[in-house]
Every structure is written in structure tokens, then in C-alpha cells.
1. In segment 76-142, carbon and sulfur make up what percent of the accessible area (probe 1.4 Å)?
2. Work out how much length residue 123 to residue 105 would gain on full extension: take 0.36 nm times their residue separation and subtract the Cα-Cα distance, in nm to one decimal.
Amino acid sequence: MFIPLRRAPPACEKGKTPIGGRDDHAGPLSNSVWAGLILFLGLTACSGSAEPAGDDRNHTTSENANVIGRHVYHCDPGGLWIVDFLQDGLSVDLAANGEKPVRLTAPAQGLTYVGEHINARVSGRDMHVQRSDRPPLKCRRT
């Protein structure tokens, strides 16, 4: 299909400006417009870090996009423990009250989560935590 090129209106021919003083057929953008566009793009490209600011031991699920759920357990003795379940289904972030979270992984769903010097097994509302340097903990979801 052939589409003819649009011809400029007669008022724009021979260097004339159309009524209203606006020249719709102006040339390239001015240097100040380009400078403003480059500055705007540069400033919008600079964003803060995607990592949450501050101490991450009290992180919330909204700060980590991979967290799909959180359970809080009361351990006797041992206080409160927070377990964040991650999207892959095989990883959790486990944190004792006031401590930095530790990432634990399981080889398959339903098996024990293993980390450096710590293991955790979750079964229903119960969790058993075994650390290499402390006695085992029995915990119940609150």
C-alpha cells in the first residue's frame, strides 16, 4: 500500500510561520532541551541500593522480595525465633531474638534445614533447633 508523504501547509512554505506564531516544523531540539533531558535521565538512573538500610536482623518480609511467609516460634529455653520461608521452598532465614538471621537450606522439601553450625527441622507447629555449641531447642509456633 502506498502512503503519500504529507506536504507542509502553505503557511509553512518559504520560511513563513503559521498563524499563532508556532512553527510546527522546527528543527532539532535546542542544546538546553538536550541538556535537561540528559540531566533528568542521569538523575533517574541513580537510585539507592536495593538492600535494606540498617541492621538486617529485624528485617521484615516486605524488605526481602524472596520471603513468602514468616513464622514465629517460642523455644524453651531460648526465647523467640523468627523463620522466614523463601520463595525457592528449600531455604529459610532463621533468627533468634536479637541475632542476625542465618540462611539454612534443605536438599528437598520436608527435610532438615542445614546451615553453618546449625540445623532446624520444622514439622507442623513444632521446630527443633540444633546448634553445634549449645543444647538442642524444642520450639512451638505462636
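1. Values: 2020 of 4050 Å².
That share works out to 50 percent.
2. On the way: separation 18, 0.36 × 18 = 6.48 nm, distance 1.53 nm.
Working it through step by step, the gained length comes to 4.9 nm.
The values are calculated or read from the model by the stated rules, or taken from the named source; none is laboratory data. Computed from a prediction, not measured in an experiment: that's the story for all the values here. With ligands, DNA and RNA removed, areas are computed over all heavy atoms of the protein, side chains included. Shrake-Rupley method; radii C 1.70, N 1.55, O 1.52, S 1.80 Å.
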